[in-house]
């Protein structure tokens, strides 16, 4: 083969290896355009790692107990919303895993299509790996009651 063919083939092989290595992140069950994010709240190893990732990257705003910041529904003097809780009192569980993943990785502005949206929530792309984001979200989900987890699971299977 000539080099002009080898480079694209090599890139495809690397991408394939990366996707294969990330199988824990994406669940099989549809075309690549419709694959859903699979949080793993029952996987004790992932949840333990997620607890550590959460403590190091999220707890300073969202609280060690996942309770969020006070008055999280009201914008502060800077016009930005405080960090919401991730426990049952918040709205995290109202969003599917894919939305939570994209919000965490790319930030609120990109998620809603408004690059000028002001948020104190940083985008973790380049800071946390996809597996670390999945672990943190899996940890959060693991703390929800069985009823809320069941509602979240049902919502994700409807999409």
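The rows are residues; the columns are (1) outside any helix (DSSP H, G or I); (2) over 30 Å from residue 118 (Cα atoms); (3) modelled with pLDDT of 95 or more.
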position: 6; (1), (2), (3): no, yes, no
position: 13; (1), (2), (3): no, yes, no
position: 47; (1), (2), (3): no, yes, yes
position: 53; (1), (2), (3): no, no, yes
position: 79; (1), (2), (3): yes, no, no
Original post:
Given the structure, is residue 123 assigned to a loop (DSSP other than H, G, I, E, B), in contact (Cβ under 8 Å) with a residue 60 or more places away in the chain and surrounded by fewer than 19 Cβ atoms within 10 Å (Cβ to Cβ)?
Top reply: no
**OP:** For region 88-97, state whether one or more residues are touching a strand residue (DSSP E or B) at 6+ places or on another chain (Cβ under 7 Å), assigned by TED's automatic domain parsing to the domain that holds residue 145 and closer than 18 Å to residue 148 by Cβ.
**Re:** yes
Subject >> Tally of residues being in contact with a helix residue (DSSP H, G or I) (Cβ under 7 Å, 6 or more places away or on another chain) and either under 26 Å from residue 38 (Cβ atoms) or at pLDDT 95 or above (or both) across region 100-118 >> reply: 7
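The values are calculated or read from the model by the stated rules, or taken from the named source; none is laboratory data. In this text, all values refer to a predicted model and were calculated from it rather than measured experimentally. Quick reminder, even Gly has a Cβ in these numbers, built from the backbone with ideal geometry, and neighbours come from all protein chains shown.
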